[in-house]
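Read the structure below first, then the notes.
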Amino acid sequence: MKKILLLSIITIFLSCSKTANFDKLEVGMTSKEVIDLVGEPTEKTDFLGAKVWVYKEGDVGHMVTILADTVFSEKSSEEIAEFYKKIEEKESK
């Protein structure tokens with residue numbers, strides 16, 4: 001439950017982000033490669049041993065999860081919102 005709450009809060013903050021170059025991010029890239037490609041994140045958080053980087057600007061946001069100094073995942077605010085919508089649908093059944 002705490003994990004869902006934290007991810008929900010992060011999703012709220014993912015209202016915007018530099019969209020240029022996010023399509024070039026790949027799992028396995030180093031944190032330095034991410035910064036070189038899309039710049040410094042708006043927010044950085046440590047969560048369960050991973051670094052969560054949030055990028056926001058305009059109407060789109062991105063969340064990049066870094067584990068062992070490499071990209072573990074990258075999601076747009078739209079993808080995260082869709083994920084939570086599916087969870088809510090399952091919980092309401």
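Throughout, read-outs are computed from the coordinates displayed, never taken from laboratory work. Quick caveat: nothing in here was measured; it's all calculated off a predicted structure. Please note: Cβ atoms are built from the backbone with ideal geometry, for glycine as well, and neighbour counts cover all protein chains shown.
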Check your understanding: With respect to the cross-link table entries Lys24/Lys44; Lys32/Lys86; Lys32/Lys85; Lys51/Lys93, which display a Cα-Cα separation exceeding 29 Å?
Key -> Lys32/Lys86; Lys32/Lys85; Lys51/Lys93
Check your understanding: What is the range 52-93 by shape, rounded, prolate or oblate, if you read a ≥ b ≥ c off the alpha carbon gyration tensor as root eigenvalues and call it rounded for a/c under 1.5, prolate for a/b larger than b/c, and oblate otherwise?
Key -> oblate
Review point. Which far-off residues, 5 or more places away or on another chain, put their amide H under 5 Å from the one on Leu25, with H placed in the peptide plane?
Key: none
Check your understanding: Assuming R0 = 25 Å, what is the FRET efficiency of Glu82 and Val27, from their Cβ-Cβ distance, to the nearest 0.05?
Key -> 0.85
